Amino acid sequence: MSKKMLGDLMKQAQKMQQEMSRIQEESKKKTVEASAGGGMVVATANGAMELVSIKIEKDVVNPEDIEMLQDLVIAAVNEALRRAQQMVSEDMSKITGGMNIPGLGNVLG
């Protein structure tokens, strides 16, 4: 491999890394929602895999059945985080062209 080819390859890798960093920053501003219990619990997460809000309808709050509410919260939060991961993965695949890059999972969160 010539020095020019190696230099070009390094420039491409650096550009891809910069694009990935940009996508990560943009993803932090994007959110996804998921609900459970027919919309009784709604969780919103961002591309940094952070829960940013949770809404619970008062009709689902029953002191006699707190386990159901806990299950709905867990379901909504897990689905919101799964959707956030999918959103970031889709954004990253636009840059990587679908290539499986070792260590990319660590970049995503």
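Read-outs: derived from the displayed coordinates by stated rules, not from any lab. Given the structure is predicted, the values throughout are model-derived calculations rather than measurements. Quick reminder, even Gly has a Cβ in these numbers, built from the backbone with ideal geometry, and neighbours come from all protein chains shown.
Modelled spin labels at Lys4 and Ser93, positioned 7 Å past Cα toward Cβ, are 3.6 nm from each other. Taking the Kirkwood radius as Rh and the Cα radius of gyration as Rg, segment 1-51 has a ratio of Rg/Rh equal to 1.40. What pairs from Lys29/Lys55; Lys30/Lys58; Lys15/Lys55; Lys3/Lys29 go past 30 Å between their alpha carbons? Too far apart for the 30 Å limit: Lys15/Lys55; Lys3/Lys29. Extending 7 Å from Cα along the Cβ direction at Ser53 and again at Ile66 yields two label points whose distance is 2.7 nm. Compared with the dominant Cα axis of the chain, that is its longest principal axis, helix 66-96 is turned about 20°. Among Leu69, Met16, Val88, which residue has its Cα positioned farthest towards the positive end of the charge dipole of segment 1-90, with +1 placed on the Cβ of Lys and Arg, -1 on the Cβ of Asp and Glu, and the dipole taken about the Cα centre? My answer, from the dipole projection, is Met16. When Rg and the Kirkwood Rh are both derived from Cα coordinates, the Rg/Rh ratio for segment 3-108 amounts to 1.21. Placing +1 on the Cβ of every Lys and Arg and -1 on the Cβ of every Asp and Glu, with nothing else charged, gives segment 3-108 a dipole about its Cα centre of roughly 1060 debye. As I understand it, the value is the acute angle between the Cα axis of helix 3-29 and the longest principal axis of the Cα atoms of the chain; what does it come to in degrees, rounded to 10? Its long axis makes an angle of about 20 degrees. Between Lys30 and Gly47, the built amide H atoms are under 5 Å apart, and every one of these is 5 or more places off in sequence or on another chain.
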